[in-house]
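The structure appears below as structure tokens.
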Amino acid sequence: MSRTLTVVLALSLFAAGIASAVALTPSASAREGCPGNSCHGKTTTTVGSTTQQTTTTTTPTTTTATTTTAATTTAATTTAATTTTDTTTTATTTTDTTTTTATTAQSAAKPIYWGAYMDGNDTYSSSYGDAPWDANTWQTFQSDAGKKVSIVHWGVPAPWTSTFNAQLSAHQKVVSAGELTLLDMNSGSVPLADIAAGKYDSSITTWAQQAAAFGHPFFLRWDWEMNGRWFAWGTTSSNVNTASTYVSAWRHMHDLFARAGASNVTWVWCPNVVFSGSTSLTSLYPGDSYVDWTCLDGYNKGGSQWTSFTSLFGSSYDQLLQVAPSKPVMIGETASAENGGSKAAWIQDALSSLPTRFPQIRALVWFNWKITESGTTWTWPIESSSSAESAFSSGVASSYFQAGGGLGSLPLLRAIDPLG
């Protein structure tokens, strides 16, 4: 459902753009995406202003069992120990088989982009800002993940609030690192009908012209999770906007960018995972000529709502392929809570299931923000436990997940294609 800094100007500009987004609070069962704080918006320039609350979480246990020498010795002396050892050996064999199968599938598949939204002060400490502005946050996440990301996820205000060049240095940092930007931009409380009618053409055109002058390709995720009701640009029956005005506004924005020569902008159409009451994906799709990548956001909230990665995304992924069968798919936001199950096992399952169950997913972006809203702290970061961090770093170590560092020289003024 997504909705992001040591540089005060960057914080101020971004907060201005996001503050206009109205995050209505749906029922817990309705939302599977980003859980709050306007999701990608810092609402103050004071580092560490968010009050952190302590939550009790259950540290997941490692699911891989191993046969020990002691167990083997005991097994030779008693029937009970023999049974225990046989069970342990079976568990080990099952885990090894699953891991081997996943590794084989990933080896045979084309590599995918991967990355994260990397929050600093809420996730690491008050002295950290957000990536890409704060290199410490960026480097800390990559160190914990054991690999350089190929996608850096961040956000900017709408064109009528700020220009592209206001964040030019941040764009250049990502390019210099040899990585790719996934850029969020939203229309806030501006009626989508006004955008479609041309009310903001001048500022949109200026922003697009500056993006074209920059030249380097980046992903643009505009007005994401539009099939929900928690953002002002939502299109459910409780929102001002409709599916029709959303499509019209998207197409108009796209046309203005095309006229400005901003062919380096890769358009990512990103609904939330489907839920009861969400607007149909078919009615919201702008059309193949207006979309480069499709996308989904979804979260495992844990507790009584614990759900596997496949259960979370499976049905929506299948619907997405019916709407746009030829388009590569991105997971724009995802993460798992700790309580309710094994987060480590959830991560392992998620990363290993991509090439088999979700072969058209060609990019995966983790939401690494220990965000607090309404007294609840969400343990989304990979560092929420040592077992979760280990599972994540082990998973992305595969060559299936493209390392960053060599993506800064992609052809100018061209959209980003899937790898392979």
* Calculate, for Gln172 and Glu373, the FRET efficiency according to 1/(1 + (r/R0)^6) with r their C-beta to C-beta distance and R0 35 Å; round to the nearest 0.05. => 0.60
* Bin all alpha-carbon pair distances of the range 178-290 at 5 Å intervals from 0 and give each bin's fraction as a whole percent. => 2, 12, 22, 24, 19, 12, 6, 2, 0
* Asked: What's the center-to-center distance, using Cα atoms, between the range 204-231 and the range 106-134 in Å?
  -> 20
* Structure fact -> Carbon and sulfur atoms account, in whole percent of the 1.4 Å probe accessible area of the range 126-194, for 46
* What is the calculated FRET efficiency for Thr310 to Ser237, with r their C-beta to C-beta distance and R₀ = 22 Å, to the nearest 0.05? -> 0.15
* Asked: Which distance in nm do the two modelled labels at Ser202 and Ser326 give, with both placed 7 Å along the Cα-to-Cβ direction?
  -> 3.9
* **Sequence-distant aspartates and glutamates (8 or more away, or on other chains) whose Cα lies within less than 19 Å of Lys327** => Asp223, Glu225, Asp288, Asp292, Asp297, Asp318, Asp417
* Structure fact -> The distance between the Cα centres of the range 257-316 and the range 368-416, in whole Å, is 18
* Structure fact -> With 0.36 nm assigned to each residue of separation and the Cα-Cα distance removed, Ser143 to Ser263 gains 39.9 nm
* Calculate what fraction, in whole %, of the accessible area of the range 217-304 sits on carbon and sulfur atoms when a 1.4 Å probe is rolled over the protein chains. => 48
* Asked: Looking at the range 110-267, how many pairs of lysines come closer than 24 Å at the Cα, when each pair is eight or more places apart or spans two chains?
  -> 4
* Asked: Residue farthest toward the positive end of the dipole of the range 270-420, with Cβ of Lys/Arg at +1 and Asp/Glu at -1: which of Ala324, Ala350, Val365?
  -> Ala324
* To do: Just the ratio, please: alpha-carbon radius of gyration of the range 245-378 over 2.2 N^0.38 Å, N its number of residues.
  => 1.16
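The values are calculated or read from the model by the stated rules, or taken from the named source; none is laboratory data. Quick caveat, the model's predicted, so the values are computed rather than measured. Every residue, glycine among them, receives a Cβ derived from its backbone with ideal geometry; neighbour counts consider all protein chains shown. Accessible surface is based on the protein model in full, side chains and every heavy atom, while ligands, DNA and RNA are left aside. Shrake-Rupley method; radii C 1.70, N 1.55, O 1.52, S 1.80 Å.
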